[in-house]
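Working notes for the structure below.
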Amino acid sequence: MNYQKDAEWKPTWQTWGNMKQRCLNPKNPRYSDYGGRGIKVCDRWLVYAKFLAVMGRAPKGKIIDRYPNNDGNYEPSNCR
């Protein structure tokens, strides 16, 4: 399946990609708010299939949220 182009899956693919860009790419405009503050993506979630297995498809109109610790990393125990 091409998650990048399938309209049903594209929001989840974009959420995953944006999360990684904010944390890992110093050239990303939001890096200073995420990766620059030390917020990381857990190693397992660097692979889309593993992220998807835990988080599932993004509900319409929702974004990934670091909870309960907004200063914590993107990892299963801290995201909803």
task = Using only the alpha-carbon atoms of segment 40-80, report the extent along each of the three principal axes, biggest first, to the nearest angstrom.
result = 25, 23, 12
task = Determine ³J(HN,Hα), in whole Hz, for all residues of segment 16-30 in sequence, where each value follows from phi through the Karplus function 6.51 cos²θ - 1.76 cosθ + 1.60 and θ = phi - 60°; x replaces Gly and Pro.
result = 4, x, 5, 4, 5, 4, 4, 9, 10, 10, x, 8, 5, x, 9
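Over the chain, what number does the Rg to Rh ratio reach, with both radii from the alpha-carbon atoms and Rh per Kirkwood? Mind dumping the intermediate values first?
Values: Rg = 12.2 Å, Rh = 12.9 Å.
That ratio is 0.95, to two decimals.
Using 0.36 nm per residue of separation minus the Cα-Cα distance, give me the extension gain between Cys42 and Ile63 in nm, one decimal.
Details: separation 21, 0.36 × 21 = 7.56 nm, distance 1.77 nm.
Difference between extended and current length: 5.8 nm.
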note = the chain accessible area per residue, 1.4 Å probe, protein heavy atoms, integer Å², reads 68 Å²
Pair Ala53, Arg30: separation of 7 Å Cα→Cβ label points (nm) = 2.6 nm
Accessible area of the chain belonging to carbon and sulfur atoms, whole % at 1.4 Å probe = 49 percent
inquiry  = Can you work out the Karplus-derived ³J(HN,Hα) for every residue in segment 47-59? Use 6.51 cos²θ - 1.76 cosθ + 1.60 with θ = phi - 60°, whole Hz, and x for glycine or proline.
reply    = 9, 4, 4, 6, 4, 4, 4, 8, 8, x, 6, 5, x
inquiry  = Among 45-53, 16-24, 68-76, how do they line up by average Cβ neighbours within 10 Å per residue, starting with the highest?
reply    = 16-24, 45-53, 68-76
note = Excluding near-sequence neighbours (fewer than 8 apart on one chain), the chain holds lysine pairs with C-alpha atoms under 22 Å apart numbering 17
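The values are calculated or read from the model by the stated rules, or taken from the named source; none is laboratory data. Since we're looking at a predicted model, the values are computed, not measured. Every residue, glycine among them, receives a Cβ derived from its backbone with ideal geometry; neighbour counts consider all protein chains shown. In case anyone asks, the SASA skips ligands and DNA or RNA and just uses the protein heavy atoms, side chains included. Shrake-Rupley method; radii C 1.70, N 1.55, O 1.52, S 1.80 Å.
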